[in-house]
Amino acid sequence: MKANSNDIADYRKQMWVNDETVFDKNAALEINANEEEFLKELAEMFIYGLPEEMSSIKKAVHSRDNNALEKSAHKLKGAVANFGNNTVFKVALSLEMMGKENRLEDVEEAYGALTKETVRLVNALRNFIKSR
């Protein structure tokens, strides 16, 4: 049975709501050769660059520019991959696919989820950076 667009959109909505993993320190350390100080530096760089990344995605969403959305969401997805399997990665992937497939009907909702999840990730990363 082939999934239709509504099935995919419903799955994406569930994916954003049901996955509560915002930052898995152990997974992130494993990805980054168990180098905690290096991971903290990556987290600081991510937090510093996030406003520009989010601005690019927001602009693409509001202008409904699927190519720009695909590229900017892909870039963010790559940056958050350093922090393990997390909600920001999943929502960025959804936005990237929406742009790639030029299916923008749920893009505002996905951007809202991305905004909420990036706040959660930044808070978790700040706590991680402060930890000793």
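Separation of the alpha carbons by more than 23 angstrom is noted, of K58/K130; K25/K75; K25/K59; K58/K90; K25/K130, for K58/K130; K25/K59.
Per residue, the stretch 13-132 exposes an accessible area of 54 Å² to a 1.4 Å probe, with every protein chain left in place.
The values are calculated or read from the model by the stated rules, or taken from the named source; none is laboratory data. Please read all numbers here as calculations on a predicted model, not as lab measurements. When the accessible area is computed, the model is the full protein with side chains, heavy atoms only, and any ligands, DNA or RNA have been set aside. Shrake-Rupley method; radii C 1.70, N 1.55, O 1.52, S 1.80 Å.
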